[in-house]
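*Asks:* Please find one structure pasted underneath; my questions will follow.
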Amino acid sequence: MPVDSPRNPLGVLFAAFNGFQRTAALKAAIDLDLFTAIGEGCSRPSELSQRCGASERGLRMLCDSLVALAFLRKDGGRYALEPELGMFLDRHSLAYLGSAANFLASPMVMEAFGSLTAAVRQGGTAIREDAVLAPEHPVWVEFARSMASLAGLSARLLANLLGAAAAAPWKVLDIAAGHGMFGIALAQENPNARIVALDWANVLAVAEENARVAGVADRFRTLPGSALAVDYGEGYDLVLLTNILHHFDVETCEVLLRRVQAALAPGGRAVTLEFIPDEGRISPAEAATFALVMLAMTPRGDAYTFSEYERMFRRAGFVRSELRDLPPSIQRVVISYR
């Protein structure tokens with residue numbers, strides 16, 4: 001039986017021990033634009049060396065490892081993209097997601113997981129709190145730039161779920177907008193939707209640029225400041241809470257949700273996109289393990305179950321909440337009604 005077989009307990013253990021090496025290999029290939037070069041027709045190490053500005057020896061070793069990890073294929077001495085993954089890693093593809101590695105495998109994330117033992121011992125991040133939650137921290141600019149392409153897919157799925165194309169004019173508040181892609185997708189689908197994007201001023205510069213590129217800048221307004229302090233205004237039909245609540249403890253979430261409830265028009269909805277594990281907290285795997293990400297990177301964040309979100313929204317004054325899947329996204333949506 002091969003050492004890396006999932007049925008081999010030693011293979012499972014070894015894969016966990018060297019998982020960081022797999023991440024490093026993928027990140028190196030993205031940094032070198034290796035997948036794009038192969039997509040352009042460079043298939044041998046000698047050709048890739050010229051295109052990627054790296055040694056033949058290094059590229060041969062990296063490519064062979066990526067074949068073993070099922071990111072590439074090899075026929076003789078030629079490499080080719082793995083069809084199921086290539087479109088996400090070739091920069092020329094409209095489905096390109098490689099930029100996400102700049103945040104997901106960033107030095108800050110690696111530092112947080114390098115201190116995971118300490119985080120488990122103390123029940124919260126072992127890196128400085130201001131590494132993530134400080135006002136105007138540049139990490140969120142990197143997040144906005146790196147994660148926009150990945151968020152764009154979820155944003156389109158969410159717009160479809162909400163029936164944006166067939167909706168009446170909407171006034172939308174996008175809290176912790178980041179790249180702005182969720183509000184932008186609603187504006188693209190609904191020509192009568194107007195978006196207010198709330199985030200730190202340095203992050204909103206990225207969102208504004210994305211809105212200009214998407215052709216919705218005339219219906220996209222920014223509101224700089226803290227989601228826990230700035231005046232939202234009122235009369236919103238939708239408030240988007242995409243990947244923000246997991247950063248906080250329950251008490252802080254409820255403070256934020258009471259502000260959201262007050263900002264909504266009668267019959268308005270709060271739309272929460274999150275990693276939401278089942279009630280047993282061990283599935284789906286991506287949501288279950290996201291709790292560990294919050295332990296490593298935040299003082300009190302968590303991956304909350306739907307029943308926990310339901311209680312938070314009810315205590316904040318919402319009438320009811322419903323859980324919706326968002327396939328093929330690995331995240332779920334909670335829609336809560338004022």
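*Asks:* Enter the mean projected area of the convex hull around the alpha-carbon atoms of the range 226-270, in nm², rounded to one decimal.
*Replies:* Here the figure is 3.0 nm², rounded to one decimal.
*Asks:* Moving on. On the principal axes of its Cα set, how long, how wide and how thick is the range 132-195? Give whole Å, largest value first.
*Replies:* For the range 132-195, the Cα extents along the three principal axes come out at 38, 21, 15 Å.
*Asks:* Please sort 173-184, 222-233, 291-302 by packing, taking for each peptide the average over its residues of neighbouring beta carbons within 10 angstrom, highest first.
*Replies:* Packing order, densest peptide first, comes out as 173-184, 291-302, 222-233.
*Asks:* Once you sort the root eigenvalues of the Cα gyration tensor of the range 188-288 as a ≥ b ≥ c, which label holds: rounded (a/c under 1.5), prolate (a/b larger than b/c) or oblate (the other case)?
*Replies:* Values: a/c = 1.73, a/b = 1.47, b/c = 1.18.
Prolate, since a/c reaches 1.5 and a/b exceeds b/c.
*Asks:* May I pose another question? Counting only helical runs of four or more DSSP H residues, what would the 222 nm mean residue ellipticity of the chain come to if each run contributes -39,500 (n - 2.57) and the total is spread over all its residues?
*Replies:* -14000 deg cm²/dmol
*Asks:* Could I have the simple spin-label model distance between ARG57 and VAL319, label points 7 Å from Cα toward Cβ, reported in nm to one decimal?
*Replies:* Label-label distance for ARG57 and VAL319, simple model: 7.1 nm.
*Asks:* Across the range 294-310, in residue order, what do the Karplus-derived ³J(HN,Hα) couplings come to in whole Hz, using 6.51 cos²θ - 1.76 cosθ + 1.60 with θ = phi - 60° and x for Gly and Pro?
*Replies:* 5, 4, 6, 10, 10, x, 9, x, 6, 9, 8, 7, 4, 4, 5, 5, 4
*Asks:* Would you mind calculating the relative contact order of the range 189-338 from Cα pairs under 8 angstrom and at least 6 residues apart, reporting the percent as a whole number?
*Replies:* It comes to 21 percent, rounded to a whole number.
*Asks:* Once you charge only the Cβ atoms, +1 for Lys and Arg and -1 for Asp and Glu, what is the size of the charge dipole of the range 107-337 about its Cα centre, to the nearest 20 debye? Intermediate results must be reported in sequence, preceding the final value.
*Replies:* Values: 20 positive and 26 negative charges, 78 e Å.
Its charge dipole is roughly 380 debye.
*Asks:* May I pose another question? Translational diffusion coefficient, Stokes-Einstein: compute it for the range 219-338 using the Kirkwood radius over C-alpha pairs as Rh, at 10 °C and 1.306 mPa s, and state it as an integer in µm² s⁻¹.
*Replies:* 108 µm²/s
*Asks:* Still on this structure, please answer the following. Given the alpha-carbon gyration tensor of the chain, what are the semi-axes of its equivalent ellipsoid in whole angstrom, ordered largest first, with each equal to the square root of 5 times an eigenvalue?
*Replies:* On the way: eigenvalues 279, 119, 67 Å².
Each semi-axis is √(5λ); the values are 37, 24, 18 Å.
*Asks:* For Cα pairs less than 8 Å apart in space and 6+ apart in sequence, what is the mean separation divided by the residue count of the range 9-96, i.e. the relative contact order in percent?
*Replies:* Result for the range 9-96 is 27 percent.
*Asks:* Would you mind checking which residues have amide H under 5 Å from ARG221's amide H? H placed 1.01 Å from N; only 5 or more apart, or other chain.
*Replies:* Hits under the 5 Å cutoff: ILE195, VAL196, ALA197.
*Asks:* Grab every C-alpha pair in the range 9-96, bin the distances at 10 angstrom width from 0 up to the longest one, and report whole percents.
*Replies:* 18, 51, 25, 6, 0
*Asks:* Kindly write out, for the range 166-173 in residue order, the coupling ³J(HN,Hα) from the Karplus curve 6.51 cos²θ - 1.76 cosθ + 1.60 (θ = phi - 60°), rounded to whole Hz, with x marking Gly and Pro.
*Replies:* 9, 7, 6, x, 10, 9, 10, 10
The numbers here are math on the coordinates, done by the rules we state, and not lab data. Here the structure is a predicted model, which means the values were calculated and not measured. Backbone-built Cβ (ideal geometry, glycine too); neighbour counts: all protein chains shown.
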